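Engineer: After the structure tokens below, expect a handful of questions from me.
The values are calculated or read from the model by the stated rules, or taken from the named source; none is laboratory data. Just so it is clear, the structure is predicted and the values come from calculations on it, not from any experiment. Don't worry about glycine lacking a Cβ; one is built from the backbone with ideal geometry, like all the others, and counts go over all protein chains shown. The area values use the complete protein model at the heavy-atom level, side chains included, leaving out ligands, DNA and RNA. Shrake-Rupley method; radii C 1.70, N 1.55, O 1.52, S 1.80 Å.
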Amino acid sequence: MTLDFSILGTVWPALLRGTLVTVELTAAVLAVATPGGILVALLRGAPSRTLRTILATLSWICRGVPPLLLLFFVFFGLPVIGIKLPPLPSAVIAMSLYMSFYFGEVFRAGLNSVPAGQWKAAEALGLSPARTLIRIILPQTIPAALPPYISHATEILKGTALAAAVSVPELTSAAKQVFVVTFRPFEILIAAAAIYAILDSLLLVLQIYGERWAARRSAAR
Amino acid sequence: MKMPAPRTSPQAMVEVVNLHKTYGPLTALDGVDLAVEAGQVIAIVGASGSGKSTLLRCINFLDPPDSGDVWVDGHRMGFIEGGSGMRRASDREIRRHRADIGMVFQHFNLFPHFTVLQNIIEAPMAVRGFSRADAVATARELLASVGLAGKEEAFPTELSGGQQQRVAIARALAMKPRVMLFDEPTSALDPELVDEVLRTMRNLAEKGMTMLVVTHEMSFAEDVADTLVYFDKGKIVEAGKPSDVLRNPSQPRTQAFLQRLLRRTL
């Protein structure tokens, strides 16, 4: 068998469309699950015991079941109670729900890595809790939280392939649709894998940039 | 609403009346009374755990007291004068009043991801609503006054401990506070860096700043402070002119503490 990548010359628009959907879905999930994770992390430290128990239970459920099941629940289950959502928003909701709890753990560790004196100093200056969190505390969680954050973000990127199960036309399903009509699975799957690898690298670039940003600021005191 | 306890020094810049604070079973403040006139420097000494730092945190309501009153520049901390008397202040109102009280910490607590300049201008812009240009101009003046002109773009980790503490002083001063609280400002410093921070504090005292300083630096207390207050088990057990308290402590507990301190310094 010989590989002939010239087929890509004809199928690239389909792969490109799939890539755009994958990027869009990943970005949407990150945009929802990042603040979601910060919220979960903050609520895990809330004084209300009831709230903490509810959250721990939700976290246990959402991290304990297959993400595909959550996706089916949102897409096929919710219409039963009158909430009918298109495929892409369903995928965003299901994956964000699931990832918020993973990010919650990441940010919890990150928040714990910031010395309590930072909160106190900001408080003594009269800064509001919200501003303190955004301007003072969260940037300092970067050294501890960024590596696991990026590794989870990579999971999200790969996990978007699951959305094919509710017919979101993302990269993996686009590749499949193309190779079943062209009979060139090898070339097309290799091309799709290369696209995933490039997207993964972009996330890693973000990590390197973030670590460099943090390095000068968090040198040993 | 509980009426405030009567004040004995209504003209004082800071007055603390019968202040109590407990943490669970631990009594940190057990009925503290203290009045500080405008421009005065009070040195607060005592063994660790005696409640000195708690007093500072209660004055600016970082840790609201359980009972008792704190008056700063004629304003009762934690309360708002309403049409029909006093009401409890909201968190936002407490923050606004807290901004009138500068605080310097033992471990500096500079924001490590901000440059020196950003450290100083953040709160004046966010809390006081200063324009960036005004905040930067003030910050440069303050940096020059603490001997750190030209360090605007440095990050805290690039500075020595003494320099960091001087930035922390400038950061607190940028809020134009009426009072400055110092919580063991030189205790975390290498010995050779202590003097530069004390010199900065001395300058500030000479400019007429009202200061409450928790410290173990007895020579500073003697030279700069108007009053020395000795704390033990959440109470002020001795107060007076620093030289008197240091040379002729009337209380056995003060004597014992000073002797221990002396032995450690020698």
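Engineer: Normalised by the number of residues in chain B, what is the relative contact order in percent for Cα pairs under 8 Å and 6+ residues apart?
Structural biologist: 25 percent
Engineer: If Lys and Arg each add +1 and Asp and Glu each add -1, what is the summed charge of the other residues whose beta carbon sits under 14 Å from the beta carbon of residue A:87? Mind showing how you got there, number by number?
Structural biologist: Values: positive: A:84; negative: A:24, A:170.
Residues close to residue A:87 contribute a combined charge of -1.
Engineer: Just to confirm my numbers, what's the Cα centroid distance between the range B:191-253 and the range B:73-150 in Å?
Structural biologist: Computed from Cα coordinates, the inter-centre distance equals 25 Å.
Engineer: Nearest 5 percent is fine: what portion of the DSSP beta bridges confined to the protein assembly as shown is antiparallel? If you can, show how the numbers build up before the last one.
Structural biologist: On the way: 24 of 42 bridges.
Taking every DSSP beta bridge within the protein assembly as shown, about 55 percent pair in antiparallel fashion.
Engineer: Moving to a separate point now. Averaged over A:124-137, how many beta carbons belonging to a partner chain fall within 10 Å of each residue's beta carbon?
Structural biologist: 6
Engineer: May I ask you to give the solvent-accessible area per residue for the range A:5-220, in square angstrom, as obtained with a 1.4 angstrom probe?
Structural biologist: 51 Å²
Engineer: On to the next question. For chain B, which longest stretch is free of loop sites, where a loop site is one of the trypsin sites (Lys or Arg not before Pro) that DSSP puts outside H, G, I, E and B and that has at most 13 other Cβ atoms within 10 Å?
Structural biologist: Within chain B, the longest run free of exposed trypsin sites (Lys or Arg not before Pro) spans B:3-206.
Engineer: I want to check a number: in chain B, how many lysine pairs have alpha carbons closer than 15 Å, given a sequence separation of 8 or more or different chains?
Structural biologist: Eligible lysine pairs with Cα atoms under 15 Å apart amount to 6.
Engineer: Here's a follow-up. Tell me which residues come under 5 Å, amide H to amide H, from residue B:31 once H is placed; ignore anything under 5 positions away on its chain.
Structural biologist: Close amide H contacts, sequence-distant or interchain: B:19, B:20, B:21.
Engineer: Kindly work out what percent of the DSSP beta bridges joining two residues of the range B:58-191 are antiparallel, to the nearest 5. Spell out each step's value before the answer.
Structural biologist: Working: 6 of 10 bridges.
In the range B:58-191, DSSP labels about 60 percent of beta bridges as antiparallel.
Engineer: Taking R0 as 22 Å, what's the FRET efficiency between residue A:5 and residue A:200 from their Cβ-Cβ distance, rounded to 0.05?
Structural biologist: E between residue A:5 and residue A:200, to the nearest 0.05, is 0.60.
Engineer: So for A:12, A:60, B:71, what's the accessible-area order with a 1.4 Å probe, most first?
Structural biologist: So the residues, ranked largest to smallest area, are A:60, A:12, B:71.
Engineer: Okay, next question. Give the residue list of chymotrypsin sites (Phe, Trp or Tyr not before Pro) in the range A:127-219 that are DSSP loop and have at most 13 other beta-carbon atoms within 10 angstrom.
Structural biologist: A:183
Engineer: Suppose we look only past 24 Å in the calculated P(r) of chain B. What percent of the Cα-Cα pairs does that tail hold?
Structural biologist: On the way: 17411 of 35245 pairs.
Tail of P(r) above 24 Å: 49 percent of Cα pairs.
Engineer: So what are the three principal axis dimensions of the range A:5-220 from its Cα atoms, in whole Å, longest to shortest?
Structural biologist: The Cα atoms of the range A:5-220 stretch 67, 48, 25 Å along their principal axes.
Engineer: Nearest 500 deg cm²/dmol is fine: what mean residue ellipticity at 222 nm does the protein assembly as shown get from its DSSP H runs of n ≥ 4 alone, each adding -39,500 (n - 2.57), divided by its residue count?
Structural biologist: Numbers: 17 runs with 254 residues, N = 487.
Mean residue ellipticity at 222 nm (helix-derived): -17000 deg cm²/dmol.
Engineer: To continue, here is another question. Counting Lys and Arg as +1 and Asp and Glu as -1, what is the net charge of the other residues whose Cβ lies under 12 Å from the Cβ of residue A:25?
Structural biologist: -1
Engineer: Can you list which of the GluC sites (Glu not before Pro) found in the range B:34-117 are DSSP loop residues with at most 16 other C-beta atoms within 10 Å?
Structural biologist: Working: sites: B:37, B:81, B:93; in loops: B:37.
Those satisfying the criteria are B:37.
Engineer: If I ignore ligands, DNA and RNA and count only protein heavy atoms, how much of residue B:244 is accessible to a 1.4 Å probe, in Å² to the nearest 10?
Structural biologist: Surface accessible to solvent at residue B:244 totals approximately 80 Å².
Engineer: Turning to a different aspect of this structure: Quick one: putting +1 on the C-beta of Lys and Arg, -1 on the C-beta of Asp and Glu, what dipole do you get for the protein assembly as shown around its Cα centre, in Debye to the nearest 20?
Structural biologist: Charge dipole, the protein assembly as shown, about its Cα centre: 860 debye, nearest 20.
Engineer: Carbon and sulfur atoms: what percent of the 1.4 Å accessible area of chain B do they account for?
Structural biologist: Working: 5580 of 11460 Å².
About 49 percent, which is the carbon plus sulfur part of the accessible surface.
Engineer: For chain A, which whole-number percentage of the solvent-accessible area (1.4 Å probe, protein heavy atoms only) is attributable to carbon and sulfur atoms?
Structural biologist: Details: 8380 of 11650 Å².
Carbon with sulfur: 72 percent of the solvent-accessible area.
Engineer: Still on this model: Solvent-accessible area per residue for the range B:82-233 at a 1.4 Å probe radius, Å²? Display every interim value, and only then the final one.
Structural biologist: Working: 5940 Å² over 152 residues.
Per residue, the range B:82-233 has 39 Å² of solvent-accessible surface.
Engineer: Just how far, in whole angstrom, is the range A:1-35 from the range A:88-104 if you go by their alpha carbon centroids?
Structural biologist: Answer, in whole Å: 20.
Engineer: Something else now. A plus B alone minus the pair: what accessible area, both sides summed, probe 1.4 Å, in Å² to 100?
Structural biologist: It comes to approximately 2200 Å² buried between A and B.
Engineer: How about the range A:33-102: which trypsin sites (Lys or Arg not before Pro) there are in a DSSP loop, with at most 16 other Cβ atoms within 10 Å of their Cβ?
Structural biologist: The qualifying sites are A:84.
Engineer: May I pose another question? Pop the C-beta distance of residue A:190 and residue A:52 into the FRET formula with R0 = 56 Å and round what comes out to the nearest 0.05.
Structural biologist: Between residue A:190 and residue A:52 the formula returns 0.75.
Engineer: Please compute one quarter of the surface area of the Cα convex hull for the protein assembly as shown and express it in square nanometres.
Structural biologist: Numbers: hull surface 128.7 nm².
Averaged projected area of the protein assembly as shown's Cα convex hull equals 32.2 nm².
Engineer: For the charge dipole of chain A, defined by +1 on Lys and Arg C-beta atoms and -1 on Asp and Glu C-beta atoms about the Cα centroid, which residue among A:201, A:51, A:163 has the Cα displaced farthest towards the positive pole?
Structural biologist: Toward the positive end, the furthest listed residue is A:51.
Engineer: Still on this structure: For peptide A:115-123, compute the average count of partner chain beta-carbon atoms within 10 Å of each residue's beta-carbon.
Structural biologist: If you average over the peptide's residues, the count of other-chain Cβ atoms is 6.
Engineer: In addition: Treating the beta-carbon of each Lys and Arg as +1 and of each Asp and Glu as -1, no other charges, what is the dipole magnitude of chain A about its Cα centre, to the nearest 20 debye?
Structural biologist: Result for chain A is approximately 840 debye, rounded to the nearest 20.
Engineer: Here is a follow-up. Can you list the HN-Hα couplings for the range B:235-246, worked out from phi with the Karplus curve (6.51, -1.76, 1.60; θ = phi - 60°), rounded to whole Hz and with x for Gly and Pro?
Structural biologist: Once rounded to whole Hz, the list reads 10, 7, 9, 7, 8, x, 4, x, 5, 5, 5, 6.
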